[in-house]
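Step one of this worksheet: look at the structure below.
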Amino acid sequence: MRITLHDVSKGRAGQALPSMSLEFHSGAVRYALAETEQRPTVLGLIASGRMRPDTGRVTIDAAANPKELRRRVALVDAPDVSDPHPDITLAGVVGEELMFAGRGATPLHARRWLARVGYQELASVPIGSVDPAARVRILCELAVLREGVEGIVLVAPDRHGGSPDGWWRIAAEFADRGYAMLVIVGGSAAVALERMHEFDAINASGPIEPLVLERPEPTDDPEESEPTTDDEPTTDEEGEAR
C-alpha cells in the first residue's frame, strides 16, 4: 500500500496547512514536521482520508479513493479528534477501542487484553499519566485490531514528552510488521530524529518546496482521490473521527 499526498494544502493561503507533498508506504516508517497547534491534526486528517484538502489530492495505490483510504489507514492520537481524554483510565480506553474493533469490550476483556500486551499493571492509570512510549504502543496495537487496517498516521507523539527514540522505535517495529507508518512531529522531535537517523523531514510550517522524507532501509532485511467532499473530519457511526 502506498499513500501519496500531491501538493495538498488547507485554509486560505495555506494557513491551516501549507502546500506539501509526501508519501508513505507499507513496510516503512516516515515522519513529517508540522508546527503550530493545528497543523499536525490537519495533516493527519488529510493523510488518512478524513479531511478534503483545499488544493491537491491524496491517492492510495495511485487511485483517488478516500473511502478506501479511511478504511485502511488508522488515525491515532490526533489532538481533539481521536485522542482519548487524559482522565479516562487505560482500561476504559482499551474497552472503547475493543468495541470499535468489534471485540468483547467489558472491563474484564480490557484487562485481559492489557495483560496480553504486557501492561496489565496500568489498567487503572489515567491514560494521560501513561508513559509516552507505552501510550504509543497501546494505541497502535488497538488501531490495528480493526479489520482492514494496513497503515497508521500517528499524530504528535512528542507532545506527551519522553524520548523520541522510544516511540520512534515502536513505529519502526510496526513498519517491520508490514504496516505503512507516518509519524507527524514538531520541531524539537524532528531535530532529535535527524540526529538519531541522519535523514530529512518534511517541514509543514512554511517552506514552499517541502522535502520528501526518507528513512534508510534496514540492511539486515532481505525483503524489503479524489478528495472527499467534506471539509470536516469524516466520522464513524459512533460519531468520532478515527
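No lab work stands behind these numbers, since they all come straight from the coordinates. Computed from a predicted model, the values in this text were never measured in an experiment.
Details
- By the Stokes-Einstein formula, at 0.692 mPa s and 37 °C, the stretch 79-133 with its Kirkwood radius over alpha-carbon pairs has D equal to 292 µm²/s.
- Taking the DSSP bridge list for the stretch 1-155 and keeping only pairs wholly inside it, about 75 percent are antiparallel.
- Mean projected area (nm²) of the alpha-carbon convex hull when the stretch 1-72 is viewed from all directions: 4.4
- Gyration tensor verdict on the stretch 59-187 (Cα atoms; rounded if a/c is under 1.5, prolate if a/b is larger than b/c, oblate otherwise): oblate
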